[in-house]
Structures are given as C-alpha cells and as structure tokens.
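Before any comments, here is the structure.
The values are calculated or read from the model by the stated rules, or taken from the named source; none is laboratory data. Small disclaimer: the values here were computed from a predicted structure and weren't measured. Note that we place each Cβ from the backbone using ideal geometry, even for glycine, and neighbour counts take in every protein chain shown. Remember, those area values only see protein heavy atoms, side chains included, never the ligands or the DNA or RNA. Shrake-Rupley method; radii C 1.70, N 1.55, O 1.52, S 1.80 Å.
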Amino acid sequence: FAGKAPGGAQIVRAELLTESGDLIGEPKKIVHPVKFYEKGDKPLEIVTTRQWYIRNGGRSAELREALVARGRELVWHPDYMRHRYEDWVNGLNGDWLISRQRFFGVPIPLWYRLDAEGEPDYADPILPAEDTLPVDPQSHIPPGYTADQRNQPGGFAADPDIMDTWATSSLTPQIATGWEEDPALFAATFPMDMRPQAHEIIRTWLFSTVVRSHYEHGEVPWANAALSGWILDPDRKKMSKSVGNVVVPTDLLDQHGADAVRYWSANGRPGTDTAFDPGQMKIGRRLAIKVLNASKFALGAGDAPADAPVTEPIDLAMLAELAQLVDDATRAFEDFDYARSLQRTEDFFWRFCDDYLELVKARAYRDDDPAALSARVALRTAVSTLLRLFAPILPYVTEEVWSWTEEGSIHRAPWPSSGPLRALVGDGSSADGVPSPLVVAADVLSRIRKAKSDAKVSQRAEVERVTVTDTSDRLIALAAAADDVRAAGSVAQLDTAELAGDGEGTVEVVLAPVPEADPA
C-alpha cells in the first residue's frame, strides 16, 4: 500500500506473509523520500530502458583529445571562454544520451524486428535508406513489411523515443547551409564564419555542434565563436520566468525606441553579463537625437564641390583623428568587440559636437569666406563616416540621416576606410608629437566657456580679451586656429605669451562689460 506523506515522503505499509498467505507478526511501516510529479500526487517511478547515445569522449581519451583539438581550431571571443569548453570536455565521464521519452520532437528513425514471441531484436535494428529521410517510424513502414505487421509477433515495432533537443539543434549550421539539399550553397557557406550564443550553453549547444561536425565533416562548423553574457536584473541576478524578474522587451522598445535599446545592449562586452539599465537606454536615446540634430546642422552649412580641398589646419586635424577612429573601430569589430567600437565612436562624436562643430560653425556658414568650403567638405565627410560607424548600433537614426543626402540604404553602403580620409589630409595634419590645432583650440574654447559659466553669463556673451600663456609649440597650433577660436568664443582680442619654465599653461579671460539697463 502506498500513499503521500507531508514533505513529499512516500509511506509504504509492508506485511510479511507465509506461502499460504498467513500474516507473520505486525505490519511494518517504512517511510523514505521519493520524487513526486510537480503538480500531482503520484510518485515518480524510475524505469530502466534501452537508450541511444553518441560517443563524445566521455569514455575515450583519444576522442576526448580530438574534440579538445577541435575547440582550439576555433577563434574564441573572448578567448578565455575556450577554457570553459576544454574543462567541460575533459570532465566528461559518460557518452551523450540523445533519446528522450517525450511526446513531441524529432523521432529516432528506427524500427525493430519482433520475434515469434513479439520481443524486439535490439541488436539488429531496421535502418531507413538515407534518401528516404526524414522518417517517422510511428507512421512509416520499414522496407519489406506491411502496416498490419506493426507491433505483431514476427512483424516490427517503432522506436518509441524522440531525440534530445541538442541532438537536433546541433545540426543547425548544416541545415542553414543547405546540407544534402543544395550542394552549391553548402560548399560556399560551410563551415560558417561565426556562431553567436551565450556562454552557459558552451557545454551543450556549442559542444554538441562541434561533435556532430567532427563526425560528419571532419572539421569545425564555424571559424569564430562569439560568446555573449546574460541579461541580469537591476540586482544583478539572472532573469527567470519562475522568479518573476523578467523584463518584456516590447515595453522597452515602446518607451525608449529600438536604437536606444540596441545602444544599451551593445555596451555589454562579449562574454560579460550585463545588468538591465534604463538609464543607459536614456543615454542611447539622447545620442540618437544628437546624431539627428548634429547631422542636420553640419549638412545644412551648404554644399561644396566634390573636388574641393580641405585646407584649414583645424579641419585637417579633425579628419586625421577621424581616420584613426576608423582604424580603431574596424579593428574592434574584426575582433568582435562591438562595445569598444561603440565607445571609441561615441567619444569622438561628442567631442566632434562639443568642440569641432562649435569652432567651425561660423566659418562653415560664411558664404564670403573661401575657408568655408574646407569646413563644409570636412563636415560632410565626418557625418558620412560617423553614420556608417554608428549604423550597426543605431540602425534607424543613421538610416534616416543617410536618406537626406544619399541614395539607397546605409546598411548597403561600404564600411568606412581610413585611406580616403588620409588622402584628404595629405601632409596637412600634425606630425607625431606636435600639438593638434583642434586639441589646443578646443582646450582654449573650453576655458572661455568655463569663465562665462563662472560669471553666470550667456555663452554668447562678448569677450573683450583672452590671453593664452603656453608652450611655443602649442601657441603655434593655436595660431593656426585663432580665427575659429575668436568666432566661437565671441572674442574681440586673442593674445598669446610663451610660457616661461616648466609650469602649466593658463588662459586669462576678460569679459566685455555688460551694458547697463536703460532706466526707462
């Protein structure tokens, strides 16, 4: 007799009987813990049955070493994730069980002959011909038999199990590349270039895919493994439906916009868990809006001939920095470090808006100034380049701005190259070790802004005189951008003095007197 006791224990009443059925002594009660169905009142009974396995190195040192070697053929992003793979393979002590006793899934395509007693011959299963796959043994008939022989002595029986989910999903590279269906496509695309996935299924999805490709093709299924982390809740706990701390993405998209959500997610470095942070999404939204506004301002300065040269030192300095940014961002993407590419691009963009745009806006909009063409070419080149650098992270706002001046989609445009930028710069950029006119001018302009802020006057307030004391090489760089500094800071007189000794440079700002208000 069996029943369920509090705490999930099973109560068993045991009675000892003689052969004739007479009771021997008093009944004894045995209590021991057993597993019950999650939402039921019946105990689980473990039944031993025959199962299907794929050898995975758990019982073969030679195979284990071969699979570890396969893992080392991959390029891991980040590299330390390779150790998780190797630790898993080296820790296996059994083969990969792939059969499951469930209702739904890909069936194991086998039948068994039944002897005269109706017992299956497991040692000699009936295999379908490869060209007949896929096969469902529960509905298909094996060759040489008829439907009325199913489950009959002398007939056949279908394998009742389905495949483990990893046994089927481990073939996703082959399925996606047209294996056995499109030989030309398969030859052109397999092995694939990259597997993107989270780190917790290195031991299951990634490993099982490598195992299948090792057996079938004798090579790894892709060249690169790009591992992401988990999205954590604000308390840095893993999100789980059972815990109830899952955030619905559609609500975030409605509230912040797709570009802002992508910006937040792209700040999570490969292999690193990322906490859910609405504040980061707000920063992404501000960035997207700034891209719109800054691009509108820069492109609104007017057109310039396609062959117009960039002549002004401050424009050349900006383009030289932009060329370096393109190289850095390209290297980061090639190493799958999208977060670093975004960080470098974003840092440059904000300096571009805060410093360069402020310094050249007067000149760029001045029709009677020949130097305006230099600024306009530099501005349009910078906007085109920055939009393409941002496009993988902010696809919608960059597509919108691109459509203002360009044909087609930005996502079909070529990735920017530093070569054309350096061709524009030529020999006009600062040499190594020589201060950049843009950097020095931006530093002086920031001091002027601070002086106005400290005096609690408008940034448009007139400045009577600015005296810059600095090293000779920095003063030479400042002289190359002096007109832009005067225009941006509303400076009437810009004086310079060479720094004596090893002290730090100074910027003395004298604001113009504020006219007294008319008493009337």
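Here are the numbers for this structure:
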read-out: Cα gyration tensor, the stretch 87-194 - rounded (a/c under 1.5), prolate or oblate; value: oblate
read-out: Of all DSSP beta bridges in the stretch 378-520, antiparallel share, percent nearest 5; value: 50 percent
read-out: Around LEU299: net Lys/Arg minus Asp/Glu count, Cβ-Cβ under 10 Å; value: +2
read-out: Estimated dipole of the stretch 131-240 in Debye, rounded to 20 [Cβ of Lys and Arg +1, of Asp and Glu -1, Cα centre]; value: 500 debye
read-out: Percent antiparallel among DSSP beta bridges (both partners in the stretch 89-232, rounded to 5); value: 55 percent
read-out: Three-way shape call for the stretch 406-501 based on the alpha-carbon gyration tensor, with the a/c threshold at 1.5; value: oblate
read-out: About the Cα centre, charge dipole magnitude for the stretch 231-337 (Lys/Arg +1, Asp/Glu -1 at Cβ), debye; value: 740 debye
read-out: Theoretical FRET efficiency, 1/(1+(r/R0)^6), r = Cβ-Cβ of ASP182 and ALA223, R0 25 Å, to 0.05; value: 0.75
read-out: Contour excess over end-to-end distance, with Cα ends at GLN493 and SER409 and 0.36 nm allotted per residue; value: 25.5 nm
read-out: Simple spin-label estimate for ILE283 and ASP235 in nanometres, 7 Å along Cα-Cβ; value: 2.5 nm
read-out: Whole-number percent relative contact order across the chain, with pairs defined as alpha carbons under 8 Å at least 6 apart; value: 9 percent
read-out: Candidates per GluC sites (Glu not before Pro) in the stretch 69-124, loop by DSSP, up to 10 other Cβ within 10 Å; value: GLU117
read-out: Signed unit charges on C-beta, dipole axis of the stretch 346-498, positive-most listed residue LEU387, SER417, PRO435; value: LEU387
read-out: Separation between Cα centres of the stretch 287-335 and the stretch 137-209, rounded to whole Å; value: 51 Å
read-out: Potential extension, THR330-GLN459 segment - 0.36 nm per residue separation minus Cα distance; value: 42.7 nm
read-out: Loop chymotrypsin sites (Phe, Trp or Tyr not before Pro), the stretch 211-299, which have at most 11 other Cβ atoms in a 10 Å radius of their Cβ (DSSP); value: none
read-out: Accessible area (Å², per residue) of the chain, counting only protein heavy atoms and a probe of 1.4 Å; value: 57 Å²
read-out: Computed Rg/Rh of the stretch 145-239, alpha carbon atoms with Kirkwood Rh; value: 1.19
read-out: Net charge, VAL248 excluded, C-beta distance under 14 Å - Lys, Arg +1, Asp, Glu -1; value: -2
read-out: Reported label for calculated volume of the Cα convex hull per residue in Å³ given (i) 311; (ii) 166; (iii) 148; value: (i)
read-out: Sparse-neighbour loop sites [trypsin sites (Lys or Arg not before Pro); the stretch 44-140; at most 16 other C-beta within 10 Å; DSSP]; value: ARG50, ARG55, ARG59, ARG102
read-out: Computed magnitude of the charge dipole of the stretch 374-420 (debye, nearest 20; Cβ of K, R +1, Cβ of D, E -1); value: 180 debye
read-out: Nearest-0.05 FRET efficiency for GLU73 and ASN151, computed from C-beta distance (R0 35 Å); value: 0.15
read-out: Per-pair calculated FRET efficiency, R0 = 22 Å: ALA306 and SER417 via Cβ, rounded to 0.05; value: 0.80
read-out: Sum of side-chain charges, TYR396 neighbourhood, beta-carbon under 10 Å (Lys, Arg +1; Asp, Glu -1); value: -2
read-out: Cα gyration tensor, the stretch 201-321 - rounded (a/c under 1.5), prolate or oblate; value: oblate
read-out: Span from the the stretch 217-261 Cα centroid across to the the stretch 396-428 one, whole angstrom; value: 31 Å
read-out: Within the chain, helix-based [θ] at 222 nm, where runs of 4 or more DSSP H residues each add -39,500 (n - 2.57), nearest 500; value: -12500 deg cm²/dmol
read-out: Protein accessible area in the stretch 435-510, 1.4 Å probe - carbon and sulfur %; value: 48 percent
read-out: Positive-end residue, the chain charge dipole about Cα centroid, Cβ charges, pick of HIS83, LEU227, LEU114; value: LEU114
read-out: Antiparallel DSSP beta bridges within the chain, as percent of all bridges there, nearest 5; value: 60 percent
read-out: Unit Cα scatterers, Debye sum, the stretch 268-406: log10 I(q)/I(0) for q = 0.11, 0.20 Å⁻¹; value: -0.43, -1.24
read-out: Among TYR37, ALA497, PHE207 - extreme Cα towards positive end, dipole of the chain, charges at beta-carbon; value: TYR37
